[in-house]
Amino acid sequence: MNPAVISLELRDLRFTYSGTNAFSLTGVNIRMRPGQIVAVLGPNGSGKTTILKLANGRLTPKGGEILLEGKPLHDYSRREIGQRIGFVPQSEKISFDYTVLEYVSMGRAPWLHPLEQPTADDIAISKQAIADVGMAAFAHSLVTRLSGGQAQLVLLARALAQQTSVLLLDEASSQLDLANKKRFLDILSQLAANGKTILFTTHEPDVAAAIAQKAILMQNGAVAFAGPLNEVYTAQNLEQVYGTPIQLVEIDGRKVVLWT
Amino acid sequence: MKIKSVLFTLLLVTLMLTFSSAFAESTTITDILGREITLEVPPELVVLTGKKTATIIEAPFMFAYGKDHVATSWGGQDGGKFNALIEKTTPEITDGSVEAVAAMQPNMIILKSYTREDAGLAFEETGIPVMYLSFETIEDYHTDIANLGKAFGEEERADEILAYYDEIVNRVAENSAQIADRKKTLLVQFSETDGVYALKVPPVSWLQTEIVEMAGGDPVWKDIGLNANSWSEVNFEQIAAWDPEVILVVNYFADPKVSVETLKSEPGWDMLTAVKEGQIYPFGKDLLSWDSASPRWGLGLLWTQQTLYPELADDIDLDAEIMKFYQWFGLSDEVIQANLIDVYHAEPELVP
Amino acid sequence: MKRLNQFTPNQKILGLAFLLVAAFAVSCLAGRFPLPGLQSPVQLFSSPLNQTILVHIRLPRVIISMLLGMALSVSGLVFQTILNNPMVEPGFLGVSQGAAFGAALAIVAFNGKSSQIQLLAFLFGIAGLGFSILLANRFHFGHWVMRLVLAGIAVSALFSSGLGILKYLADREEKLQSLSFWLLGGTSGVSWDSLIPIIAPILIAFTILLLLRWRLNLLSLDDETALSISVNLKIERLIFLFCAVLVTSLCISICGLISWIGLIVPHIARKIFGANTHFTVPASMLIGGILMLICDDLARVLFPAEIPLGVITAILGTILFLPIMTNKTIR
C-alpha cells in the first residue's frame, strides 16, 4: 500500500445528538495513512466514542465530511464500508452458544451475498484470523465460556476476518489484565506494521503511549490537542484535559503517566 | 259516627297489614343440593337468575303461580322467542347481578345447582332464601318439580306434572321392552361458529344419553368416558369407526335440518351405513331443541323412540303430544300450532 | 447423546428430514378408523370410505399439523435470535395474542368465514408486533430488547383482556363453548378449503427464511457490531419478523393458540446443532413438524373424543423443558 495515500480522513466534523442532550462535537480533524495507529484520548464523555460512530457510518455528521480512501463515506454502500472498515467493541453480549469459529466467521458477512453462508475460503480466512490473535486452540470452544480477555481477542479476530484496511477499536483493551493487554497491543502493532490503519479510543494514556504514533486529546466534545504522540503527550496537556495533576515519567524511552 | 267508622277501618287495615304475614304459611324445603330453606308460601316475588339457566328457566311457568310472580331473564338459545310466548306479568330481568336482584327485594331467588360456588354463595349472603334447581336428570326432575310445587303452594300441580312425565316414561319403556336388537345410535351436536363445524357427543351422564337408551337405542358414544361435564368433540373417523345405524343431529342455534343436509354433502358421509340407509335425522326441535334437559325432554323421548322404531311407536301422535306439553305453560292451541308445531314441521331454508 | 457427534450437521439435517417424512407417513396411517391405531398401507386403499378418510380427513389435518409445528418453531427461533433472548416465543411481542384476538373478533363480531378469520388474525398479529415496537420506542429506559419484551407483555395483556371481553360477550350468545375450544387450539376442523389459501404464503415465508438463514446469526449481534459488518438492521429485522409473524398468525387463525412448541423446539435445535442459524432454521422446522405431528396424532387417536391439541403440547413441552434446560451438552 502506498503510504502517501490517505486511508481515512475526518475533516472538520461536527455533530450534535438530537433531543435534550446538550453534548456537541466540533472541529474534529484526523488524517490517517496506512500503517498508522492513532489514539483518541480523553476523559469519559469527551466525545471519543462519537468519533468512532461517525467514522464507521453509524452516525451521520451534521457538518464536515469523512473521506475513505479519498472518497466521501456516504458514496460507499453499507457493504463496501464493511469491506473497508472493521470495528471492535469493548464487549458484546452473546446469549447463544456459538463456537469461536462460527462467531469469527460472521466477520465475513460484508464479503458474502445475502443468500450465502461462509464458504471454505471464508472459513480458512476466519481460522487464520483466530490464529493471528493466538486463539487457534479455542476455535471450537463456545464464545459464552471464554474469559473476558479471550472474548476480547475473539472480537478482534472477527474484525480481522473482515479483512479491512481500517480498524476502529472502542476501549477495546480497557478490560484486559496486564498479560492480555500486552498481547492485544502487540497484535495491534503487528497489524499496523502490515499496513492496517488503526484508530482507537482509550481513556488510559499509557496504552496510547505504548503503540500510537499520533494522539488526539479530546475535551468536552472538541479536540484540545492533536499531532504526533511526542508533541501532544505532555504532562501539561494531559493535566488540562483530565483536570487532575499529572506527572510524566520516561522509562526505557516510553512515557508513563503518574498521578499524585 | 263517620269519623269513628273511618278510624275503625284504618285500625283494621293496619292490623291486617301488621299480621298478614302471620297468615301466610311458613314452609321448609330441602333443595336439590340438600340445603334447607324456609320461606313463607306463597312468596310475593321470585327471581330466577344467574348463569347456565337454560334448563331451569322454563319450569316455573308450568305452574299458574309463575306467570305473575317469577321474574327471569328472557334470553336463551332461541333469543327469548319461547319466553315471549308465555303471558306473564313479571318484568324481564336485564341486570342479574347480586345488587340489582337484592334491590328487587324478592322473597326467593332460584339459581342453577352447579353455579353455587361460582355465583350462588354471593346471592346467599343477601339473606334472601336461595333455592337451587338442577333439572339435569329424570331423578332431579322429580325433586325439583316437587320443590317448586311446595314453594309456590301448588303441590297438586307438581304431582300432575310429574305424572305427565311418568306416563311418557312408562309408555316408552313398554315399547322398548319389545325391542330385541337395539339400534346403534349416535347423537351429535353440530355447532358451527367459525366457518368450520365441530361435532360433539354429550357426556354419558347427561339426559341425552338416557333418552337414547330409554327409547331403545344403543348409544355408541358410551365409551367416550373422558369428559363428564361438557360435550366432547369427535372426528369423522371415529364416527365412521362407530358406524351407527342411526344418526341424530342436534343443533341448538340453527336449524338441524340444514345441518343434516350439510353433513350429507361432506366427503365420506355418503358411505356411512346410517346415511346410505336414510337413517340420519335432525333432532326434533321447535323453537328449542328437545334433546336437552329442558322440560321438553318428554317430547324428545317420544320423538327419539318414534324415529328409531317407527313400527313400534306408531301410536305416538307427536303433534298431539306437542299440543299437550305446551298447554302446561298456559299457551293457547292457536299459539302452539302457529309458533311451535308449524316450526317443527317447517321446511329447512337451504342455502344453495 | 454423544454419538450425535459422529455425524456432520448436514447428515443430521438429513436424518431429521427422514424422521419428518416417517412421522408424516405414520400420521397418515394412524387414526380411529376402522380400529384405533395404525393401519397397514394396503388397508388404506381397501375401501372407498378408507380412501376418503385418508384424502379428506387425515391428509389436510396431517399437513396443517406439520406446517403449524414448523411455523411456530421457526418463528420462535427468529424471535429468540433477533431479541438475543433464548426465553421468548411468538407469544411475546403481542403476536399470538393479537392474532388470537383478531380471529376471535372475526368469530364473535362478524360471524366470520374462515378467510376473514385468517385475515383478521394476520392483521392483528402484525398489529400486536407493531404496537409492541411503537410502545418500546416510547419507553425511555433500558436496552432495546428489554423495552421490546416489556412492551410485548403489555400489548399481550391488552389483547388478552380484549379477548376476555369478547369471550364475555360471546357467552351471552352461548358461542363460548366453541370459542374456548378454539383458544385451546386444535386442528380437528381443518379441511382442504381452509388449508389451501394459507399454504402458498406459508411456503413463501419458509423459503425466504431458509434462503436468508445464515444472516439471522448476524441479527443476534449488538447493533453496533452488526452494522459494522454491513447488516441493514431495519430491513433485515423487518424481513425476518414479517415472515415469522405471517406464518404464526396464519396458523393461529386456523389452529388456535398452541403454546410451548415455539419456545422449546429452538432449544432442542440448538442443543443438537449449536447456535448457527444456518442449521437451526431448518432443524427447528423439521423438529417442530415432527413434534407437532406426534402431538396431533395423540390428540386424534388416543381417545374416541378429541383431546385439545394445546393441552398435549403443553404437557409435552413441560416434560421436555426440564431435561433440556438442565442438560447442557447434547451436541
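At a glance:
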item: Residue under evaluation C:Val265, criteria (1) within 14 Å of another protein chain (Cβ to nearest Cβ); (2) under 11 Å from the mean Cα position of the chain (by Cα), criterion not met; result: (1)
item: Scope region C:60-90; condition buried (at least 24 other Cβ atoms within 10 Å of the Cβ) and at pLDDT below 90; matching residues; result: C:Glu89, C:Pro90
item: B:Val220, sole failed condition from (1) within 12 Å of another protein chain (Cβ to nearest Cβ); (2) farther than 28 Å from B:Val343 by Cβ; (3) surrounded by fewer than 23 Cβ atoms within 10 Å (Cβ to Cβ); result: (3)
item: Conditions (1) assigned to a helix (DSSP H, G or I); (2) modelled with pLDDT under 80; number of the one not met by C:Glu174; result: (1)
item: Options A:Lys53, A:Lys48; residue that is free of Cβ contacts under 8 Å to residues at least 40 places away in the same chain, in the same structural domain as A:Val241 (by TED's automatic domain parsing), touching a Leu at 6+ places or on another chain (Cβ under 9 Å) and within 29 Å of A:Val207 (Cβ to Cβ); result: A:Lys53
item: Residue list for region A:141-164, restricted to those being assigned to a loop (DSSP other than H, G, I, E, B) and under 28 Å from A:Arg79 (Cα atoms); result: A:Gln162, A:Gln163, A:Thr164
item: Contacts under 6 angstrom Cβ, first residue in region B:59-78 being surrounded by fewer than 23 Cβ atoms within 10 Å (Cβ to Cβ), partner charged (D, E, K, R), 6 or more apart; result: B:Tyr65/B:Glu154; B:Lys67/B:Lys88; B:Trp74/B:Glu92
item: Residue identified as small (Gly, Ala, Ser), in the same structural domain as A:Gln36 (by TED's automatic domain parsing) and touching a helix residue (DSSP H, G or I) at 6+ places or on another chain (Cβ under 7 Å) among A:Ala235, A:Ala224, A:Ala159, A:Ala179; result: A:Ala224
item: Residue in region B:232-246 that is more than 14 Å from chain C (Cβ to nearest Cβ) and touching a residue at least 12 places away in the same chain (Cβ under 8 Å) present; result: yes
item: Residue in region C:82-105 that is closer than 21 Å to C:Ile235 by Cα and among the polar types (S, T, N, Q) present; result: yes
item: Odd one out for B:Ile37, checked against (1) buried (at least 20 other Cβ atoms within 10 Å of the Cβ); (2) among the aliphatic types (A, V, I, L, M); (3) farther than 30 Å from C:Leu169 by Cβ; (4) out of contact with any helix residue (DSSP H, G or I) (no Cβ under 8 Å at 6 or more places or on another chain); result: (1)
item: Flag if B:Arg157 is at pLDDT 90 or above, more than 15 Å from the chain's Cα centre (by Cα) and assigned to a helix (DSSP H, G or I); result: yes
item: Scope region C:97-141; condition crowded, with 20+ Cβ neighbours inside 10 Å, without any contact (Cβ under 8 Å) to a residue 60 or more places away in the chain and within 14 Å of chain B (Cβ to nearest Cβ); matching residues; result: C:Ala106, C:Gly112
item: Helices (runs of 4 or more DSSP H) (entirely within region C:1-84) containing at least 3 residues that are away from every other protein chain (no Cβ under 12 Å) and out of contact with any Lys or Arg (no Cβ under 6 Å at 6 or more places or on another chain); result: C:9-29, C:41-44, C:59-82
item: Set C:Ala275, C:Ala283: member being surrounded by 21 or more Cβ atoms within 10 Å (Cβ to Cβ), touching a residue at least 12 places away in the same chain (Cβ under 8 Å) and within 12 Å of another protein chain (Cβ to nearest Cβ); result: C:Ala275
item: Some residue of region C:29-47 being touching a Leu at 6+ places or on another chain (Cβ under 7 Å) and closer than 27 Å to C:Ile117 by Cβ; result: no
item: Lone qualifier among C:Ile307, C:Ile268, C:Ile315 - being over 24 Å from C:Thr207 (Cβ atoms) and either at pLDDT 95 or above or assigned to a helix (DSSP H, G or I) (or both); result: C:Ile315
item: Pick from region A:66-89, criterion more than 10 Å from every other protein chain (Cβ to nearest Cβ) and touching a residue at least 40 places away in the same chain (Cβ under 8 Å), ranking: nearest to C:Ile272 (Cα to Cα); result: A:Arg84
item: Meets criteria (touching a residue at least 12 places away in the same chain (Cβ under 8 Å) and closer than 22 Å to B:Gly300 by Cα) for B:Leu148; result: no
item: Hey, C:Ile254 assigned to a helix (DSSP H, G or I), aliphatic (A, V, I, L, M), touching a Ser or Thr at 6+ places or on another chain (Cβ under 8 Å) and at pLDDT below 95 or not; result: yes
item: Any pair with Cβ under 6 angstrom, 6 or more apart, that starts in region B:292-316 at a residue that is part of a helix (DSSP H, G or I) and ends at one that is of a type in the set (Ser, Thr, Tyr); result: B:Gly298/B:Tyr165; B:Thr307/B:Tyr281
item: Residue match in region B:255-272 (condition: within 13 Å of C:Pro304 (Cβ to Cβ), within 7 Å of chain C (Cβ to nearest Cβ) and among the hydrophobic types (A, V, I, L, M, F, W, C)); result: no
item: Test: A:Val100 is at pLDDT 90 or above and surrounded by 23 or more Cβ atoms within 10 Å (Cβ to Cβ); result: yes
item: Matching residues in region C:205-242 - criterion: being closer than 18 Å to C:Gly152 by Cβ and hydrophobic (A, V, I, L, M, F, W, C); result: C:Leu219, C:Leu238, C:Phe240, C:Leu241, C:Phe242
item: Single condition C:Arg300 does not satisfy, out of (1) away from chain B (no Cβ under 14 Å); (2) at pLDDT 90 or above; (3) buried (at least 24 other Cβ atoms within 10 Å of the Cβ); result: (1)
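Yes or no, residue by residue, for (1) in contact with a Gly (Cβ under 9 Å, 6 or more places away or on another chain); (2) assigned to a loop (DSSP other than H, G, I, E, B); (3) under 22 Å from B:Asp286 (Cβ atoms); (4) among the acidic types (Asp, Glu):
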residue	(1), (2), (3), (4)
B:Pro60	yes, no, yes, no
B:Asp78	no, yes, yes, yes
B:Lys88	yes, yes, yes, no
B:Glu92	yes, yes, yes, yes
B:Glu99	no, no, no, yes
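The values are calculated or read from the model by the stated rules, or taken from the named source; none is laboratory data. Keep in mind that what you see is a predicted model, and the values were worked out from it rather than measured. Using ideal geometry, Cβ is built from the backbone for each residue, glycine included, and neighbour counts are taken over all protein chains shown.
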